[in-house]
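The structure under discussion appears below in the form of structure tokens.
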Amino acid sequence: MTHTTRGCSLPLREGQGRSVIHIQNGITRHPERRMAEPVNLTISEGEQIAIVGPNGAGKSRLVDIITSRYPLLGEEVRYDFSPSESPMVSDNLRYITFRDSYGDGDATYYYQQRWNQHDIGDDAPTVGSVLSFDDLPQNVARLLSHLVLLRDKPIITLSSGEMRKMQLARVLASHPRVLIMDNPFIGLDAPTRDELSTLLSQLAETGLTLILVMSKCDNLPQFITHVIPVKDLKVGRKMTRSEFVAQQVLPQHPTPSEQKRQWLLSLPEKDLRQTAFYPEQGGEILKFNDVSIRYGSRTILSHLNWTVYEGQRWAVSGRNGAGKSTLLSLVCADNPQAYACDIRLFGHKRGTGESIWEVKRHIGYVSPEMHRSYLKDIPAIDVVASGLNDSIGLYVRPQESQRATCQQWMWMFGVEHLASRSFLTLSSGEQRLCLLARAFVKDPELLILDEPLHGLDDENRLRVKEIIETFCQRSHKTLIMVTHYAEELPPCIDNKLLLETNI
């Protein structure tokens, strides 16, 4: 049997145990996308693969080779998609990056548009317009039953978790032979992670070859049979799951170096007594009084009463679609519905003459929405510097002292060596570390972290968690953090808010 990739017919071996994907001396022609060594790899029928490695290790580059995204210098990748009747790679291999995609509207999407409903046109694609629920396999439909209730909802308004479910449904409806998923479990609540793992296990039994790309590898799904480690742009030996688990050493709980810790703790304390748009010490940072948010017939938040005082550290939790990101958009002055609600920020009621910049002056923020919208081909240090003026992109040239501060925060998060690199050339984890530096760069009084460890490897997750903990030891620091993983919460958390899903 032959299968076609990039116009070449490549014969593959028939029969039991055949090679589904075979790469021999794979070297990408594109110099900036090459691995450090030629790639030799075979994935056989019945194998379910996890590609694991730290941030920036080269996992995405390996996937680029597997999917034939870039041509190779020598022999191209060989595929055997039996028993599929189509020889085309495009018909049989699917890759879900889980970077939010809003179809044709993605090019004109801007940060905050999700909250500005009047800017979403009548022709905006809805869940029901791009996904036929009747064609979904029964087990897939069961996992995605929540989306069925959202068939009339514009895709652009989906939460990060809802978007991931929809992307998975669209791919599975095409019945691929090979499915590659980049960090499939991040951004999903615990019950949905369990449901997804069960679904993928069932799919593996149907003959589908699954390849999971994972930065967080301390809980490999049970259906994974083999692991391919990647480090320093080198592909390690493919090993069985049991071999990998036996030799896996989880990182110790790292703390910032004493030099970094002292630098962070010795940052000068701001004199906030003369700051008009800020409460007295220990006062109310924010207050929600019977706040309800609705979009059309759907209620997102219902009669929420919530008060956060200076110095508190809150964890906000809830199922996907419960309204966590909507809640944070109200706090960050990104959601215009705040003006119709009884909300007080830093001691001032919204809509009493304050500008959004007065609100944002005290806030450091990172979120999946911000990460998705930050498609800027600018140096990484400029991404960090944009946090000084709360912009997406750099429109005000920073002073030399401000640039030095940006460099220091990049050093704190271990990405100072990436300062001159284009943000778009960084791995997803490296981008997230830069966006975290952006959130901290102006030493904010209110730190809002929505899934801050999203896509980070084991060591970086622990390191960032320690940075958050150390930062919050200082005066006038208030924290609101959202995560679906309880173990990601720093010890300083002293209050919790659970949002219930409203349908």
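The values are calculated or read from the model by the stated rules, or taken from the named source; none is laboratory data. No experiment lies behind these values; they were computed from the predicted model shown. We place every Cβ from the backbone using ideal geometry, glycine too, and count neighbours over all the protein chains shown.
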Examine region 188-199 for a residue that is among the acidic types (D, E), at pLDDT 80 or above and within 19 Å of E369 (Cβ to Cβ), and state whether such a residue exists.
-> yes
S428 vs. criteria modelled with pLDDT under 90, of a type outside the set (A, V, I, L, M, F, W, C) and closer than 22 Å to S215 by Cα | yes
L272 fails exactly one of the following numbered conditions: (1) farther than 28 Å from R164 by Cα; (2) at pLDDT 90 or above. What is the number of that condition?
-> (2)
Might you check whether a residue that is among the small types (G, A, S) and either under 12 Å from the mean Cα position of the chain (by Cα) or at pLDDT below 95 (or both) occurs anywhere in region 437-457?
-> yes
Residue check, R361 modelled with pLDDT of 85 or more and of a type outside the set (S, T, N, Q) = yes
Identify the residue in region 364-386 that is closer than 19 Å to V482 by Cβ and among the small types (G, A, S) and, among all such residues, is modelled with the lowest pLDDT.
-> S373
With respect to D450, is the statement that it is crowded, with 21+ Cβ neighbours inside 10 Å, among the charged types (D, E, K, R) and touching a residue at least 60 places away in the same chain (Cβ under 8 Å) true?
-> yes
From V230, V249, V178, V235, grab the single residue that is within 22 Å of the chain's Cα centre (by Cα) and of a type in the set (A, V, I, L, M).
-> V230
List every residue pair whose Cβ atoms lie under 9 Å apart, where the two residues are 6 or more positions apart in sequence or sit on different chains, the first residue falls within region 197-218 and is within 15 Å of A173 (Cα to Cα) and free of Cβ contacts under 8 Å to residues at least 40 places away in the same chain, and the second residue, located anywhere, is basic (K, R) and part of a loop (DSSP other than H, G, I, E, B).
-> L208/R177
Given (1) buried (at least 21 other Cβ atoms within 10 Å of the Cβ); (2) over 30 Å from L150 (Cβ atoms); (3) out of contact with any Ser or Thr (no Cβ under 8 Å at 6 or more places or on another chain), number of the condition D457 does not satisfy | (3)
Residue count for region 331-371, restricted to those that are among the aromatic types (F, W, Y) and more than 15 Å from L286 (Cα to Cα) = 2
Only one of these conditions is not met by L479: (1) farther than 25 Å from G321 by Cβ; (2) in contact with a Pro (Cβ under 9 Å, 6 or more places away or on another chain). Which number is it?
-> (1)
State yes or no: is L267 touching an Asp or Glu at 6+ places or on another chain (Cβ under 7 Å) and modelled with pLDDT under 85?
-> no
Report whether or not D494 is farther than 30 Å from V213 by Cβ and among the acidic types (D, E).
-> yes
Those residues that are part of a helix (DSSP H, G or I) and either modelled with pLDDT under 90 or surrounded by fewer than 17 Cβ atoms within 10 Å (Cβ to Cβ) (or both), I need them from region 1-59; list them, please.
-> P31, E32, R33
